1. Report the net charge of residues surrounding His23, where surrounding means a beta-carbon distance below 11 angstrom and charges are Lys +1, Arg +1, Asp -1, Glu -1.
2. Within segment 25-93, report the trypsin sites (Lys or Arg not before Pro) that DSSP leaves as loop and that have at most 14 other Cβ atoms within 10 Å.
3. Assign unit charges at the C-beta atoms only (+1 for Lys and Arg, -1 for Asp and Glu), then state the dipole size of the chain relative to its Cα centre in Debye, rounded to the nearest 20.
4. Just to confirm the filter: which chymotrypsin sites (Phe, Trp or Tyr not before Pro) across segment 6-93 are DSSP coil and have at most 12 other Cβ within 10 angstrom of their Cβ?
5. Can you list which of the GluC sites (Glu not before Pro) found in segment 1-57 are DSSP loop residues with at most 10 other C-beta atoms within 10 Å?
6. Determine the calculated [θ] at 222 nm for the chain from helices alone, applying -39500 (n - 2.57) to every DSSP H run no shorter than 4 residues and normalising by the residue count; nearest 500 deg cm²/dmol.
7. On each of the three principal axes of the Cα atoms of the chain, give max minus min coordinate, whole Å, ordered largest first.
8. Calculate the FRET efficiency for Asn14 and Met59 from the Cβ-Cβ distance with a Förster distance of 30 Å, rounded to the nearest 0.05.
Amino acid sequence: MPHSELFFQVAETNEGREYVLFHRTSSSYEGKSFRGLTLGADLDDITKRYGEPSNHIQMVKGSVVHYVAQRLFFELDEQGRLTHWVSYVKGTN
């Protein structure tokens, strides 16, 4: 996938093995999100299309906007512009 990355995380817990598979767009992605966002969008664009986020976390360089129900988060740079979005799926084994 030339315009995205996959990450896989596995953790052993008391309940068994838990995993999360992440799919992250690259900074060269030219497509749109499911609801029509493109890279460079701002927080206002995101909330107009996806509603109020579950969490908005300020980072050292930018922020992350998380939508728990959609299993989706958006990464914003220091200027508040969308640089990546990540969808994920959780599971147990």
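1. +1
2. Those satisfying the criteria are Lys32, Arg35, Lys61, Arg71.
3. Magnitude of the dipole: close to 240 debye.
4. Phe34
5. Within segment 1-57, the qualifying GluC sites (Glu not before Pro) (loop, at most 10 other Cβ atoms within 10 Å) are Glu15, Glu30.
6. Counting only the DSSP helices, I get -2500 deg cm²/dmol.
7. 41, 29, 27
8. About 0.45, to the nearest 0.05.
The values are calculated or read from the model by the stated rules, or taken from the named source; none is laboratory data. A quick note: this is a predicted structure, and the numbers were derived from the prediction, not measured. Cβ coordinates were reconstructed from backbone atoms using ideal geometry, including for glycine residues, and neighbour counts include every protein chain displayed. Accessible surface is based on the protein model in full, side chains and every heavy atom, while ligands, DNA and RNA are left aside. Shrake-Rupley method; radii C 1.70, N 1.55, O 1.52, S 1.80 Å.
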